[in-house]
Structure formats: structure tokens, C-alpha cells
Amino acid sequence: MKYIQKRIWSIIAMATVMIAACGCGYKVTYNLSGGSIPPEAKTFSVAYFPNNAPMVAPTLSNVLTEALRDKFSRQTRLEQVEEGGDFAFEGEITNYTSTTSSVSSGDYALQNRLTITVKVNFQNAVDQTLSFNNKTFSSYADYDAAQLLVDVQDQLIEEIVDALVNDIYMSAAGNW
């Protein structure tokens, strides 16, 4: 019985020390997605990303803009506002190209690569030193050369946009 009481008091003492230690120093909110958001930041905004690439996919602008909004809504405590958020994003799609990525010994294309590039401006109203302008993010996905791009582009766009949004998120919230 005495052993159990001693054990309980030792657990309570450790918990008290841990709680006291957590109260010291500068606070930054961390989440499981790898990002860190200062507690002073309350809002975020994402302006529409126009597609200014020479080759245009009709849905790409909407998909990218909504995916970035969704990422910050789901993975942070920040509230979305129309414009002027503490974390504010704007930019444009600058490249959307399909090129051959793999060729057979007979000079036939085996794989093609869809590449999407975006230019992003990020304003951090809480800490301007973490803001960036005209930062380029690029990602790609390969597909079988026997397939037409129009037949696989929706799936590829989803995959590529997911990678781009993760990179943008980590650059802004993870301070890369």
C-alpha cells in the first residue's frame, strides 16, 4: 500500500514539473503536420491563383487555390478571411507542360511528365522576416506515353497540386 502511495506522489510530482516547464519561454503552436504557427497569427487568406502558363488546364487555378485554402483550414487553427490575413498568399501558375521523360531503345516515348510550376508571394503579418515574394514551387508526375494527357490530367493535377500545396505550406508554416 505504501509503495502505491509513493508511486502516485512521484507521478504527481513529475506532472507538476512538466506543466511548470511548459509554461516557460516563447510559445509556438506546433501541429502534427510539421508546421509551426505563432500564437499571434489568427487568420489566413488565399487569393485566386490565375493560370498564366502558355498551356492552360481549365480547372487548375480553382483546384490549386481551393487545395491551399483547404490545407490551412484543416491543418491549422487559423481562420480563413477573404483578404489581408495574418498569413496571406497570392500568386500565379507560370508553367504547365508535358514532356517526354523516358525513351525506349527504339526512340519511342515510354513515359511523359506533366510539370506544374507556381510563383507564390507570402506575407506573414506577425513576422515579416518570414515573408517571401516570387518564390517558385514546381512538381511533376509521370504517366504512360500511350495515354493522352487529356485522359489522365485530372488525376495528375490532383497528385501534383497536393505536392505543391505541401511544399507551400511547409515553406510558410514550417519556416523552410
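The values are calculated or read from the model by the stated rules, or taken from the named source; none is laboratory data. Quantities reported herein were computed from a predicted structural model and do not represent experimental measurements. Note: ideal-geometry Cβ built from the backbone for every residue, glycine included; neighbour counts use all protein chains shown.
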Practice problem: Determine, yes or no, whether Ala141 is at pLDDT below 95 and of a type in the set (A, V, I, L, M). | Solution: no
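Among what's in the stretch 98-108 and is of a type outside the set (Phe, Trp, Tyr) and loosely packed, with under 14 Cβ neighbours inside 10 Å, pick the residue that is modelled with the highest pLDDT. Working first, answer last.
Filtering the stretch 98-108 down to residues of a type outside the set (Phe, Trp, Tyr) leaves 98-107.
Adding the requirement that they be loosely packed, with under 14 Cβ neighbours inside 10 Å leaves 99-100, 102-107.
Details: Thr99: 93, Thr100: 89, Ser102: 83, Val103: 81, Ser104: 79, Ser105: 79, Gly106: 79, Asp107: 79.
Ranking the candidates gives Thr99 first.
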Quiz item: Quick one: which of Ser33, Ser61 is at pLDDT 90 or above, of a type in the set (Gly, Ala, Ser) and either closer than 21 Å to Thr117 by Cα or surrounded by 14 or more Cβ atoms within 10 Å (Cβ to Cβ) (or both)?
Solution: Ser61
Quiz item: Of the residues that make up the stretch 74-94, is at least one farther than 16 Å from Val46 by Cα and without any contact (Cβ under 8 Å) to a residue 60 or more places away in the chain?
Solution: yes
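Sort through Ala163, Ala172 and tell me the only one that's in a helix (DSSP H, G or I) and either modelled with pLDDT of 95 or more or surrounded by fewer than 18 Cβ atoms within 10 Å (Cβ to Cβ) (or both). Reasoning before the result, please.
Numbers: Ala172 fails: either modelled with pLDDT of 95 or more or surrounded by fewer than 18 Cβ atoms within 10 Å (Cβ to Cβ) (or both).
Within the list Ala163, Ala172, the selection yields Ala163.
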Quiz item: Going through the stretch 64-93 one residue at a time, which ones are crowded, with 18+ Cβ neighbours inside 10 Å and in a helix (DSSP H, G or I)?
Solution: Leu64, Thr65, Ala67, Leu68, Lys71, Phe72
Exercise. For the stretch 109-121, state whether one or more residues are modelled with pLDDT of 95 or more and under 16 Å from Phe44 (Cα atoms).
Key: yes
